[in-house]
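S.K.: To start, I am sharing the structure in question, which I have written as structure tokens.
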Amino acid sequence: MTPPPTAPRTLGRVAELRVYPIKSLGGVRLERATVGDLGFAGDRRWMLVADDGVFYTQRALPRMALVHATPTDGGVHVTAPGQEPLTVAPPPPGTTRRRVRVWADIVDAETYGGDVDAWFSEALGRPAHLVYMPDDVRRRVDPTYAGPDDRAAFADAFPVLIVSRESLADLNAHLVAHGASAVGMERFRPNVVVEGVDAPFAEDGWRDVSLGGVALRVAKPCARCVLTTVDPATGRASARGEPLRTLATYRRRGENVLFAQNALVVRGGDVAVGDVVTESGRRATVPDND
């Protein structure tokens, strides 16, 4: 007789959902969201580039943290200190496109120009151009971890980033022990924050997880960089290099410092804060957190 299927193991609950409509700008928390093959609806579909088409990031321009983007019905509402708010919609069909670069990927993107670019140039203090990734553009995810149909918008590498509150609490305990200040989750720019997991960094061992109507495959740990040292409230980087400096004391693997997990979308759908997170598969090995 075939044994009955076992119930999926409960991992925790969704504590936060976050999106960042324009890459490297401040994002927003949501109570519910829709997830498609590009990740969360509207997440990093827009990006700011220099005259040569290369993307801007807080790594080089910390003041980008002070510019905030909030999704609207199909578009995005943007605010910056000392400027009138701006609302933009996706460009209409037939809009001029240009080649832009995000890390090693070069893709086509739709342009705005005019007053829109002037607004962002003032906000960043240098020439800046807003671009949008239309539905027909396919930016593939690293085939080492993904299949041929997996793709991402303008996120660094993967469509979804997931982490637990327990992992942040563990990091903050280390920071305080090192004489530094605790930090908020916004430093790490996740899409999904889970609470109630078994232990800090439990997500290191996750493989296939479901939340609401969404199924994700956890692909690889996220290597962190100096962007995490930028205080979102001030737009300034930490002189002490925190929290990256402390995180490196116990989360370094080779050349990388790890926090949170990159994930692929297996099944799109709707998800809400409070949804149960369940697991249907685990990785063969779990990184050592000590």
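S.K.: Return a whole-number percent for the relative contact order of the chain, with Cα pairs under 8 Å and 6 or more residues apart as the contact set.
M.R.: Computed value for the chain: 25 percent relative contact order.
S.K.: How much length would be gained if the chain were fully extended between R236 and A7, taking 0.36 nm per residue of separation minus their Cα-Cα distance, in nm to one decimal? List each step's numbers first, then the result.
M.R.: Values: separation 229, 0.36 × 229 = 82.44 nm, distance 4.71 nm.
Result for the pair: 77.7 nm of gain on full extension.
S.K.: If packing is taken as the average count of other Cβ atoms within 10 Å, what order do 167-175, 80-88 fall into, highest mean first? Don't jump to the answer; show the numbers that get you there.
M.R.: Values: 167-175: 18.2, 80-88: 13.1.
In descending order of packing, they fall as 167-175, 80-88.
S.K.: Helix-only mean residue ellipticity at 222 nm, the chain, DSSP H runs n ≥ 4 weighted -39,500 (n - 2.57), per residue, nearest 500. What is it?
M.R.: Numbers: 3 runs with 32 residues, N = 290.
Rounded to the nearest 500, it is -3500 deg cm²/dmol.
S.K.: Packing-wise, with mean Cβ within 10 Å as the measure, how do 176-184, 208-216, 245-253, 116-124 rank, highest first? Could you put the intermediate results ahead of the total?
M.R.: Numbers: 176-184: 13.1, 208-216: 21.3, 245-253: 15.6, 116-124: 18.2.
Taking the mean over residues of other Cβ atoms within 10 Å, the ranking is 208-216, 116-124, 245-253, 176-184.
S.K.: Could you size up the charge dipole of the chain around its Cα centre, putting +1 on the beta carbon of Lys and Arg and -1 on that of Asp and Glu, and report it in debye to the nearest 20? Working shown, then result.
M.R.: On the way: 35 positive and 36 negative charges, 119 e Å.
Dipole magnitude for the chain comes out near 580 debye.
S.K.: Across every pair of different alpha-carbon atoms, what Kirkwood hydrodynamic radius in Å does segment 63-119 reach?
M.R.: Details: mean 1/r = 0.0762 Å⁻¹.
This gives a value of 13.1 Å.
S.K.: Against the globular-protein guess of 2.2 N^0.38 Å, express the Cα radius of gyration of segment 85-196 as a ratio, rounded to two decimals.
M.R.: 1.41
S.K.: Considering the options L247, N172, L216, tell which one lies farthest towards the positive end of the dipole of the chain, charges being +1 on Lys and Arg and -1 on Asp and Glu at the Cβ, about the Cα centre.
M.R.: The Cα lying farthest towards the positive end belongs to L247.
S.K.: Also, I was wondering about something else. If the label point is 7 Å along Cα→Cβ of A15, which residues in segment 143-170 have backbone nitrogen under 15 Å from it?
M.R.: 162-170
S.K.: Right, something else. Would you work out the relative contact order for segment 71-139, in percent, from Cα pairs under 8 angstrom that are 6 or more residues apart?
M.R.: Numbers: 88 pairs, mean separation 16.3, N = 69.
It comes to 24 percent, rounded to a whole number.
S.K.: Oh, and also: Just to be sure I understand: with springs between alpha-carbon atoms less than 10 Å apart, which residue in P127, P190, P62 has the highest mean-square fluctuation in the Gaussian network model of the chain?
M.R.: In the Gaussian network model the winner is P127.
S.K.: Please report, in debye to the nearest 20, how large the charge dipole of segment 15-153 is about its Cα centre when each Lys and Arg carries +1 at its beta carbon and each Asp and Glu carries -1 there. It would help to have the intermediate numbers written out before the result.
M.R.: Details: 17 positive and 19 negative charges, 72 e Å.
Computed charge dipole of segment 15-153: roughly 340 debye.
S.K.: Can you give me the relative contact order of segment 174-272 as a percent, contacts being Cα pairs under 8 Å and 6 or more apart? Provide the component values of the computation, followed by the final result.
M.R.: Working: 123 pairs, mean separation 35.0, N = 99.
So the answer I get is 35 percent.
S.K.: Can I ask one more? Per residue, how big is the convex hull around the C-alpha atoms of segment 188-272? Give it to me in cubic angstrom, could you?
M.R.: Values: hull volume 10.5 nm³, N = 85.
Convex hull of Cα atoms, per residue: 123 Å³.
S.K.: Tally Lys/Arg at +1 and Asp/Glu at -1 over every other residue whose Cβ is under 13 Å from the Cβ of A233; what's the total?
M.R.: Working: positive: R63, R187, R236; negative: E186, D231.
Overall, the nearby charge balance is +1.
S.K.: Hey, if you put +1 on the Cβ of every Lys and Arg and -1 on every Asp and Glu Cβ in the chain, which of V88, S238, V14 ends up farthest toward the positive end of that dipole?
M.R.: Of V88, S238, V14, it is S238.
S.K.: Among DSSP beta bridges whose residues both lie in the chain, state the antiparallel percentage, nearest 5. Working shown, then result.
M.R.: Working: 61 of 67 bridges.
Antiparallel: roughly 90 percent of the beta bridges in the chain.
Coordinate-derived values only; no laboratory data. None of the values given here were measured: they were computed from a predicted structure. Cβ: placed from backbone, ideal geometry, glycine included. Neighbour counts: every protein chain shown.
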